[in-house]
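Heads up, the thing below is written out as structure tokens.
The values are calculated or read from the model by the stated rules, or taken from the named source; none is laboratory data. Quantities reported herein were computed from a predicted structural model and do not represent experimental measurements. Using ideal geometry, Cβ is built from the backbone for each residue, glycine included, and neighbour counts are taken over all protein chains shown.
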Amino acid sequence: MKAFDYKFQHFDPVKSLKSAPKSEMYVPGHRTCAGCGPALNYRLVAKVAGRDTIFIGPTGCMYVANSSYLCTPYAVSWIHAQITNGGAVASGIEAAYKVLARKGKYDGPFPNIIVMAGDGGSVDIGLQAASAMMYRGHKVLFICYDNESYANTGIQTSPTTPYGANTTFTPPGKEIPEGKTLFPKDPPQLFIGGHPLLKYVATTSVAYPLDLMNKVRKALSYEGPTFLHMLTPCPKGWQFSEKLTIEMGKLAIETGMWSLYEWENGAYKYTHIPKKYKPVGEYMKHQGRFRHLKEEHIAKMQAFVDEKIQKVKAAAKPVEAVPAEPKKN
Amino acid sequence: MADEKMLTGCSAAAQALKLAEVEVICSYPIRPYTAIMMELAKMVANGELDAEFVHGEGEHAQLSVVLGASACGARAVTGSAGVGVTYAFELYSPLAGGRYPVQMTIADRTLDPPGDFGSEHTDAMSVRDQGWIIGWASTPQEVFDNTLMGYRIGEDPRIMLPQMTCQDGYFISHIPDKVKVASLSQVKEFLPPYSAPHPISTTCPVSHGPQIRPDQGAPMDAQRAETFLELPGVIKEATKDFNRIFGRNYDPFLEKYRLEDAEIAFFIQGAHSNTCRMAVDALRKQGVKAGMSRLRWVRPWPTTEIAESLGHVKAIGTIETSTSYGGAMRGGNLIHELRASLYDLDERPLTTSFMAGLGGETVWLEDFEFMAKVLLQTVKDKRTSKYVYWIGFED
């Protein structure tokens with residue numbers, strides 16, 4: 001194939017929260033719940049992606065609670081995709097911009113093409129389209145904003161819903177006291193290794209905004225497919241007080257329920273590894289979805305998390321991959 | 001000017017798509033339409049066609065990819081057959097409702113079970129209520145022509161609708177016939193470049209497909225319905241221009257073959273019309289006033305034209321080539337809308353339906369002779385004694 005300059009965008013890291021772009025690309029005008037983790041996440045992603053961006057919004061909270069007709073919160077172009085096909089619609093958009101650029105019908109910078117998919121739209125019903133997009137090597141950032149359930153339909157279990165969660169499809173009862181009996185899928189691991197053109201995968205938490213914004217920028221600077229698994233606590237689905245969204249995002253890291261890392265050209269870089277992990281109970285006790293669990297269930301969760309922590313410790317060489325969070329005064 | 005070649009229906013489609021300068025192509029293999037994509041893949045590989053060739057991971061993805069491409073202002077094509085057409089089902093309404101004028105090129109095939117490679121119209125006919133423009137070609141030449149006409153009609157700013165250009169699997173898709181391949185200048189005269197009115201772009205941000213309130217639903221549905229009222233006029237214009245530029249003689253909606261004084265008529269779409277035409281000639285030689293009405297576009301359905309051109313016929317038999325289990329007439333699809341189109345006439349023709357060409361079976365001359373006998377008996381009896389005949393199973 002002939003070489004062609006598509007004018008791909010490249011971004012510098014954001015050095016501090018203060019130096020983050022002032023302009024917002026995800027603005028008020030939506031109907032998300034108070035304390036919505038995915039909405040805050042959207043704002044941060046859109047802010048650092050900037051104006052030359054196209055969002056693909058598969059059905060999910062960030063579609064249903066955001067995109068009221070004639071009143072959407074996106075200051076950049078946005079297109080709805082079915083919950084099934086975020087990766088495929090994004091592939092078509094990317095293909096269109098490539099051919100339009102080659103034919104001289106478009107001469108701007110190559111747009112940031114970002115799929116903002118929920119956990120169901122990423123690794124359940126949307127998995128096939130996401131995988132194929134990455135396999136084919138489209139220059140698309142696929143984001144899984146993980147609120148750990150099918151939330152806008154009334155909190156049903158998804159493949160990333162944690163063990164023991166009470167959802168409307170996994171209600172605890174006499175026969176099934178723990179509610180959800182399965183442990184979650186691991187989205188980054190589904191994509192890492194199986195997609196030769198995928199070069200960058202990272203995890204984030206809304207509680208670590210600088211880390212988050214820089215991972216977005218890094219992902220967008222790659223000239224191929226990238227994937228971010230973004231923890232976005234959900235007050236409604238997890239049943240915690242809406243003022244605790246950031247706290248949940250922190251406790252997830254501090255207990256080892258979630259870890260922050262980058263996978264770049266085959267190597268893992270972990271950041272924000274706690275010196276001493278808190279017990280998972282510290283995280284779970286704030287969340288109504290775990291309230292019914294007995295001690296043996298919490299012990300089972302702890303054992304699952306301990307195993308994850310062992311893996312982190314084994315693989316981790318803590319490095320400052322991206323600028324760290326500013327220290328508290 | 002036109003260059004005459006022996007081409008299969010699949011090659012004819014690929015040649016027309018090349019001349020239409022399609023920009024995004026999304027493939028997935030399923031027989032028999034696959035050959036269209038194979039030819040397009042070669043054209044892209046050889047540098048004859050500057051397009052993005054995306055290997056979809058299934059038909060659902062195929063339609064999703066072309067949706068995204070069309071939303072950005074690229075001319076996009078995909079295609080399928082049989083269960084591939086039904087696997088993609090979620091996307092038909094978003095494509096039509098989103099007013100993305102993509103083209104889906106179909107070489108039709110039976111649905112499962114059981115697995116069968118044969119031609120049947122049931123696959124694409126199942127999409128008829130989703131707001132697409134749908135029509136069957138009856139020769140490789142018409143495949144070529146409908147491909148260009150499809151884009152012209154669908155991309156018309158008054159219309160903006162996706163098109164399903166269908167051909168019968170194997171009968172048309174894999175049997176070569178003479179095709180006049182138009183020149184690029186002819187195509188350019190007929191088909192202006194695609195221009196999306198509100199593309200997904202970075203220069204003018206837009207939102208496509210936000211949620212609406214229930215009270216906003218009906219007005220949008222009504223708008224789509226109104227577009228279908230405008231569609232016949234646009235099809236007439238496009239057909240007239242096409243006939244002028246390419247030297248053809250298409251009727252926009254119905255091929256009317258020896259219908260003027262016909263007492264009995266076959267109502268048909270697609271490949272079997274070629275045998276049907278021969279049957280009509282044979283019957284005429286025997287002194288039977290037979291004719292044929294061939295549907296060119298099943299969506300939009302040409303209600304008025306049917307009433308005008310078939311009202312005088314005494315008995316009409318539909319050749320169904322698709323199934324509608326449990327439907328009003330217990331047979332195929334065409335009979336329902338044919339009868340509805342004739343309902344307001346003071347004197348209505350009698351009708352019956354013939355389930356023929358299912359599973360990829362050939363509809364033979366003798367079959368048409370049998371059908372003619374049934375229709376003649378119907379005329380004689382002045383009533384329809386049986387609404388459905390399963391051809392090949394009748395005594």
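Here is the figure for the range B:148-196: residues that are within 18 Å of B:Pro252 (Cα to Cα) and basic (Lys, Arg) total 2.
Scanning the range A:69-78 for residues that are over 17 Å from A:Phe110 (Cβ atoms) and crowded, with 23+ Cβ neighbours inside 10 Å, which turns out farthest from the other protein chains (Cβ to nearest Cβ)? Only one residue tops the list, namely A:Pro73. Check the range B:29-50 and report whether any residue there is modelled with pLDDT of 95 or more, out of contact with any Cys (no Cβ under 8 Å at 6 or more places or on another chain) and in a strand (DSSP E or B). Looking through the range B:29-50, none of the residues is modelled with pLDDT of 95 or more, out of contact with any Cys (no Cβ under 8 Å at 6 or more places or on another chain) and in a strand (DSSP E or B).
Here is the figure for the range A:98-118: residues that are crowded, with 19+ Cβ neighbours inside 10 Å and assigned to a loop (DSSP other than H, G, I, E, B) total 3. B:Ala61 passes every criterion in (1) among the aliphatic types (A, V, I, L, M); (2) crowded, with 24+ Cβ neighbours inside 10 Å; (3) under 28 Å from B:Thr239 (Cα atoms) apart from (3). Screening B:Thr165 against (1) among the polar types (S, T, N, Q); (2) part of a strand (DSSP E or B); (3) surrounded by fewer than 24 Cβ atoms within 10 Å (Cβ to Cβ) leaves a single unmet condition, (3). Surrounded by 16 or more Cβ atoms within 10 Å (Cβ to Cβ) and under 21 Å from A:Tyr200 (Cα atoms): does that describe A:Val305? For A:Val305, the condition - surrounded by 16 or more Cβ atoms within 10 Å (Cβ to Cβ) and under 21 Å from A:Tyr200 (Cα atoms) - is not met.
Listed by first and then second residue, the pairs linking a residue in the range B:1-16 that is among the charged types (D, E, K, R) to a residue that is modelled with pLDDT of 95 or more and part of a helix (DSSP H, G or I), with Cβ atoms under 9 Å apart and 6 or more places separating them unless they lie on different chains, are B:Lys5/B:Ser11; B:Lys5/B:Ala12; B:Lys5/B:Gln15. Looking only at residues of the range A:54-68 that are in a strand (DSSP E or B) and within 7 Å of another protein chain (Cβ to nearest Cβ), we find that the one that is farthest from A:Ile155 (Cα to Cα) is A:Ile54. Taking the criterion of being crowded, with 24+ Cβ neighbours inside 10 Å and within 14 Å of the chain's Cα centre (by Cα), the residues of the range B:245-271 that qualify are B:Phe253, B:Ile268, B:Gln269, B:Gly270, B:Ala271.
Looking for something touching a Lys or Arg at 6+ places or on another chain (Cβ under 7 Å) and either under 17 Å from B:Pro302 (Cα atoms) or in a loop (DSSP other than H, G, I, E, B) (or both) - is there at least one such residue anywhere in the range B:176-183?
To start, the set of residues in the range B:176-183 that are touching a Lys or Arg at 6+ places or on another chain (Cβ under 7 Å) comprises B:179, B:181.
With the extra rule that they be either under 17 Å from B:Pro302 (Cα atoms) or in a loop (DSSP other than H, G, I, E, B) (or both), the set shrinks to none.
Looking through the range B:176-183, none of the residues is touching a Lys or Arg at 6+ places or on another chain (Cβ under 7 Å) and either under 17 Å from B:Pro302 (Cα atoms) or in a loop (DSSP other than H, G, I, E, B) (or both).
Restricting to the range A:107-118, and then to whatever is more than 8 Å from every other protein chain (Cβ to nearest Cβ) and not hydrophobic (A, V, I, L, M, F, W, C), can you tell me which residue is farthest from the chain's Cα centre (by Cα)?
Narrowing the range A:107-118 to residues more than 8 Å from every other protein chain (Cβ to nearest Cβ): A:107, A:110, A:112-118.
Narrowing further to those that are not hydrophobic (A, V, I, L, M, F, W, C): A:107, A:112, A:118.
Working: A:Asp107: 31, A:Asn112: 16, A:Gly118: 8 Å.
Result: A:Asp107.
A:His10 fulfils the conditions (1) more than 13 Å from every other protein chain (Cβ to nearest Cβ); (2) of a type outside the set (A, V, I, L, M); (3) closer than 25 Å to A:Pro235 by Cα except for a single criterion, (3).
Looking for something among the hydroxyl-bearing types (Ser, Thr, Tyr), under 21 Å from A:Phe304 (Cα atoms) and surrounded by fewer than 24 Cβ atoms within 10 Å (Cβ to Cβ) - is there at least one such residue anywhere in the range A:164-177? If you could, list the steps in order and put the result at the bottom.
Pass one, the range A:164-177, residues among the hydroxyl-bearing types (Ser, Thr, Tyr): A:167-168, A:170.
Now restrict to residues that are under 21 Å from A:Phe304 (Cα atoms): A:167, A:170.
Now narrow it down to the ones that are surrounded by fewer than 24 Cβ atoms within 10 Å (Cβ to Cβ): A:167, A:170.
Taking every residue of the range A:164-177 in turn, at least one turns out to be among the hydroxyl-bearing types (Ser, Thr, Tyr), under 21 Å from A:Phe304 (Cα atoms) and surrounded by fewer than 24 Cβ atoms within 10 Å (Cβ to Cβ).
When the residues of the range A:119-163 are filtered to those that are surrounded by fewer than 19 Cβ atoms within 10 Å (Cβ to Cβ) and assigned to a helix (DSSP H, G or I), the one that is nearest to the other protein chains (Cβ to nearest Cβ) is A:Gln128.
Quick grid of which residues meet (1) of a type in the set (A, V, I, L, M); (2) closer than 17 Å to B:Lys5 by Cα:
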| site | (1), (2) |
| --- | --- |
| B:Glu142 | no, yes |
| B:Gly150 | no, no |
| B:Tyr170 | no, no |
| B:Lys180 | no, yes |
| B:Ala196 | yes, no |
| B:His208 | no, no |
| B:Arg213 | no, no |
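More than 14 Å from every other protein chain (Cβ to nearest Cβ), surrounded by 24 or more Cβ atoms within 10 Å (Cβ to Cβ) and in contact (Cβ under 8 Å) with a residue 40 or more places away in the chain: which single residue out of B:Asp156, B:Asp123, B:Asp177, B:Asp116 fits that description?
Numbers: B:Asp156 fails: surrounded by 24 or more Cβ atoms within 10 Å (Cβ to Cβ); B:Asp177 fails: surrounded by 24 or more Cβ atoms within 10 Å (Cβ to Cβ); B:Asp116 fails: surrounded by 24 or more Cβ atoms within 10 Å (Cβ to Cβ).
Testing whether each residue is more than 14 Å from every other protein chain (Cβ to nearest Cβ), surrounded by 24 or more Cβ atoms within 10 Å (Cβ to Cβ) and in contact (Cβ under 8 Å) with a residue 40 or more places away in the chain leaves just B:Asp123.
Collect the residues in the range B:132-147 that are farther than 21 Å from B:Leu229 by Cβ and crowded, with 24+ Cβ neighbours inside 10 Å, keeping them in residue-number order.
Of the residues in the range B:132-147, the ones farther than 21 Å from B:Leu229 by Cβ are B:136-147.
Answer for the range B:132-147, where residues must be farther than 21 Å from B:Leu229 by Cβ and crowded, with 24+ Cβ neighbours inside 10 Å: B:Trp136, B:Ala137, B:Ser138, B:Pro140, B:Glu142, B:Val143, B:Phe144, B:Asp145, B:Asn146, B:Thr147.
Count of the range B:377-393 residues, restricted to those that are closer than 10 Å to B:Met355 by Cβ and among the acidic types (Asp, Glu), is 0.
Flag set for B:Asp215, criterion: within 13 Å of chain A (Cβ to nearest Cβ) and either surrounded by fewer than 12 Cβ atoms within 10 Å (Cβ to Cβ) or within 22 Å of B:Pro157 (Cα to Cα) (or both). Restricting the range B:69-87 to residues that are at the interface with chain A (Cβ under 10 Å from one of its Cβ atoms) and hydrophobic (A, V, I, L, M, F, W, C) leaves a set whose member that is farthest from B:Cys166 (Cα to Cα) is B:Cys72. Applying the criterion of being buried (at least 22 other Cβ atoms within 10 Å of the Cβ) and among the hydrophobic types (A, V, I, L, M, F, W, C) to the residues of the range A:178-204, the residue that is farthest from A:Glu295 (Cα to Cα) is A:Leu198.
In the range A:69-85, which residue that is in a loop (DSSP other than H, G, I, E, B) and among the hydroxyl-bearing types (Ser, Thr, Tyr) is modelled with the highest pLDDT?
A:Thr84
Looking at the range B:16-28 only, could you name the residues that are surrounded by 24 or more Cβ atoms within 10 Å (Cβ to Cβ) and assigned to a helix (DSSP H, G or I)? Correct list: B:Ala16, B:Leu17.
Report, by residue number, each residue of the range A:82-103 that is of a type in the set (Gly, Ala, Ser) and facing chain B (nearest Cβ under 7 Å). Walk me through how you get there before you give the answer.
Within the range A:82-103, the first condition is being of a type in the set (Gly, Ala, Ser), and the residues that meet it are A:86-88, A:90-92, A:95-96, A:101.
Of everything in the range A:82-103, those that are of a type in the set (Gly, Ala, Ser) and facing chain B (nearest Cβ under 7 Å) turn out to be A:Ala88, A:Ala90, A:Ser91, A:Gly92, A:Ala95, A:Ala96.
Out of all the residues in the range B:197-212, which are facing chain A (nearest Cβ under 10 Å) and either more than 30 Å from A:Asn66 (Cα to Cα) or in a loop (DSSP other than H, G, I, E, B) (or both)? Within the range B:197-212, B:His198, B:Pro199, B:Ile200, B:Ser201, B:Thr202, B:Thr203, B:Cys204, B:Pro205, B:Val206, B:Gly209, B:Pro210, B:Ile212 meet the criteria.
Taking the range B:124-142 as the range and being within 17 Å of B:Val83 (Cβ to Cβ) and aliphatic (A, V, I, L, M) as the test, the residues that pass are B:Ala124, B:Met125, B:Val127.
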